[in-house]
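The values are calculated or read from the model by the stated rules, or taken from the named source; none is laboratory data. Nothing here was measured: the structure is a model prediction, and the numbers come from that model. Heads up, the Cβs are rebuilt from the backbone with ideal geometry, glycines too, and the neighbour counts pull from every protein chain shown.
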Amino acid sequence: MTPARGSLIQRDRARLWHPYAPASPDLPLWEVEAADGVRLRLRSEDGEHHEVVDAMSSWWSAIHGYRHPVLDAAAKRQLAAFSHVMFGGLTHAPAVELAERLVAMAPSGPGRAPLERVFLADSGSVSVEVALKLAVQFQTASGHPRRQRFLSLRGGYHGDTFAAMGVCDPVDGMHSAFPGLLAGNVFAPRPPAAASPTPGSVVAWASELQAIAAAHAGELAAIIVEPVLQGAGGMHAYPAECLTALRQAADRHGLLLIFDEIATGFGRTGELFAADHAGVVPDILCVGKALTGGYLTLAATLCTDEVAATVSAGRAGALLHGPTFMGNPLACAVANASLGIIADGGWRADVGRTNAGLASGLAPARDLDCVRDVRTIGAVGVIELHDAVDVPAVTAAAIRHGVWVRPFRNLVYTMPPYISTAADVEQITAGMTAAVAEVHEPAPARSRGLG
Ligand SMILES: *Cc1c(COP(=O)(O)O)cnc(C)c1O
């Protein structure tokens, strides 16, 4: 190996891929030198230092902030015991405790079977693969081997592995890049926006959903949706009543209902799970992202005892999945610490305070000509532009205002760590609004009329 030359950023560009990015010598990058609480210390290519509030919670995950003493201690404790052992034929306390915690907190309701069986997966996408496998194996074991397809929503996002990509939005997702591999699923329209649901709009959407489910019932294994908030597919919040319609459609046609709460789980939308906004209980639930408070990769797929027992009694005799790093003890131990903080209940006030701060702080952005919509749900705030965001320019402008954001398409959005103070949230909203105005607003009024 020849010795590495150049700055860290130059070395990165020579060797690494980044998410959804080309291998390019021009890729905009900042080096993270430190992370503490809600703040990152960044170093630019020119050697400038910037302290920024992480408005992204590292893609929804770092809900308790960086270097949290409770999470750090849990990781160190487990490291001193053992960091990994295989899960085939072996078990350990962190995994058992985590399964018990997840079952205890999962959405539940009268007349509905609780989610009592947990598969520990190593990322959100894998937990979706497991959910889809569970559904197909359930249908096969129930005497419906032709039920191999899925019904999902336009505008949805469920991950980057192949089966998960196949249930993402067929137009904005990655279907056109892999046409031979992703065909075959069925899509219902995106539900109406939560901000402006006319009474008729939910009813009309629900009847279209029912018609699509009825037309394809014999070939569908399950319905999969992100409840209440479609995240990476467009930060689209929709009315909770739609979940009731989804539950009815699934029940009427013998389909399993899968809720992908990888982004929405653990309080982000203002309820512990987005399903709780409507009191709807799915048959299968995926969680991830914030599960370890952003420390380590871990996700989980929960299902009812009926699904678990049916799959186990099927001809395959097992759920056909088993990752090498399944149930990683270090990740489970940190997840238990993170869920312990959630169990203390402070998240509800944190999310409420953040929502109020986001709503008032982002309101001025409504007055910008380039802005189409501003919306919030729980600890999520969105500025939607009319046109595509100039991502490098808005990112750099936000950094100058002390905020780290990662816009996509026409959206500049935030989901701050729950520990963000009112002042942190104000810094985020002011920085987002200023960055959007500086980059996307036509010349200010002063140069238009006032000379
Ligand atoms: C992020 C996300 C996934 C994929 O999770 P990874 O850990 O990135 O594989 C799946 N579904 C939803 C709703 C997500 O937000």
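Selection of the range 116-154 for residues being surrounded by fewer than 23 Cβ atoms within 10 Å (Cβ to Cβ) and closer than 23 Å to Phe408 by Cβ yields Ser123, Ser125, Arg154.
Residues Leu298, Leu243, Leu285, Leu272: which one is away from the ligand (no atom under 16 Å from the Cβ), under 20 Å from the mean Cα position of the chain (by Cα) and under 20 Å from Met105 (Cβ atoms)? Show your work before the answer.
Details: Leu298 fails: away from the ligand (no atom under 16 Å from the Cβ); Leu243 fails: away from the ligand (no atom under 16 Å from the Cβ); Leu285 fails: away from the ligand (no atom under 16 Å from the Cβ).
Checking each option against the conditions leaves just Leu272.
Count of the range 198-250 residues, restricted to those that are crowded, with 20+ Cβ neighbours inside 10 Å, outside any strand (DSSP E or B) and touching a Ser or Thr at 6+ places or on another chain (Cβ under 9 Å), is 6. Screening Ala135 on (1) within 15 Å of Ala309 (Cα to Cα); (2) within 10 Å of the ligand (Cβ to nearest atom); (3) among the aliphatic types (A, V, I, L, M) shows it passes everything except condition (2).
Looking only at the range 252-267, which residues are out of contact with any strand residue (DSSP E or B) (no Cβ under 6 Å at 6 or more places or on another chain), of a type outside the set (Phe, Trp, Tyr) and more than 10 Å from the ligand (Cβ to nearest atom)? Show your work before the answer.
Step one: of the range 252-267, the residues out of contact with any strand residue (DSSP E or B) (no Cβ under 6 Å at 6 or more places or on another chain) are 252-254, 263, 266-267.
So of that shortlist, the ones also of a type outside the set (Phe, Trp, Tyr) come out as 252-254, 263, 267.
Those that are out of contact with any strand residue (DSSP E or B) (no Cβ under 6 Å at 6 or more places or on another chain), of a type outside the set (Phe, Trp, Tyr) and more than 10 Å from the ligand (Cβ to nearest atom): Arg252, His253, Gly254, Gly267.
Among the residues of the range 13-30, is any closer than 30 Å to Ala422 by Cβ and basic (Lys, Arg)? So far as the range 13-30 goes, no, none of its residues is closer than 30 Å to Ala422 by Cβ and basic (Lys, Arg). Checked against (1) part of a helix (DSSP H, G or I); (2) touching a helix residue (DSSP H, G or I) at 6+ places or on another chain (Cβ under 7 Å); (3) closer than 25 Å to Val412 by Cα, Ser58 passes all but a single condition, namely (2). Listed conditions (1) closer than 30 Å to Met432 by Cβ; (2) small (Gly, Ala, Ser); (3) buried (at least 16 other Cβ atoms within 10 Å of the Cβ) are all met by Gly327, apart from (1). I'd like to check something: does the range 47-58 contain any residue that is surrounded by 15 or more Cβ atoms within 10 Å (Cβ to Cβ) and more than 24 Å from the chain's Cα centre (by Cα)? Yes; the residues of the range 47-58 include at least one that is surrounded by 15 or more Cβ atoms within 10 Å (Cβ to Cβ) and more than 24 Å from the chain's Cα centre (by Cα).
The set of residues in the range 146-199 being basic (Lys, Arg) and more than 16 Å from the ligand (Cβ to nearest atom) consists of Arg146, Arg147, Arg149.
Quick one: is Gly314 in contact (Cβ under 8 Å) with a residue 24 or more places away in the chain, touching a helix residue (DSSP H, G or I) at 6+ places or on another chain (Cβ under 7 Å) and within 16 Å of the ligand (Cβ to nearest atom)? Give the derivation first.
Values: in contact (Cβ under 8 Å) with a residue 24 or more places away in the chain: yes; touching a helix residue (DSSP H, G or I) at 6+ places or on another chain (Cβ under 7 Å): yes; within 16 Å of the ligand (Cβ to nearest atom): no.
Against the criterion (in contact (Cβ under 8 Å) with a residue 24 or more places away in the chain, touching a helix residue (DSSP H, G or I) at 6+ places or on another chain (Cβ under 7 Å) and within 16 Å of the ligand (Cβ to nearest atom)), Gly314 does not qualify.
Counted as qualifying within the range 81-197 are the strands (runs of 3 or more DSSP E) with 3 or more residues that are within 23 Å of the chain's Cα centre (by Cα) and more than 28 Å from Leu330 (Cα to Cα), namely 149-153, 186-188.
Of all residues in the range 245-277, exactly one satisfies the criterion of being touching an Asp or Glu at 6+ places or on another chain (Cβ under 8 Å), more than 24 Å from Leu98 (Cβ to Cβ) and in contact (Cβ under 8 Å) with a residue 40 or more places away in the chain, namely His277.
Looking at Ala99, Ala104, Ala95, Ala113, which is the one that is buried (at least 22 other Cβ atoms within 10 Å of the Cβ), at pLDDT 95 or above, of a type in the set (Gly, Ala, Ser) and more than 16 Å from the ligand (Cβ to nearest atom)?
Among Ala99, Ala104, Ala95, Ala113, only Ala95 is buried (at least 22 other Cβ atoms within 10 Å of the Cβ), at pLDDT 95 or above, of a type in the set (Gly, Ala, Ser) and more than 16 Å from the ligand (Cβ to nearest atom).
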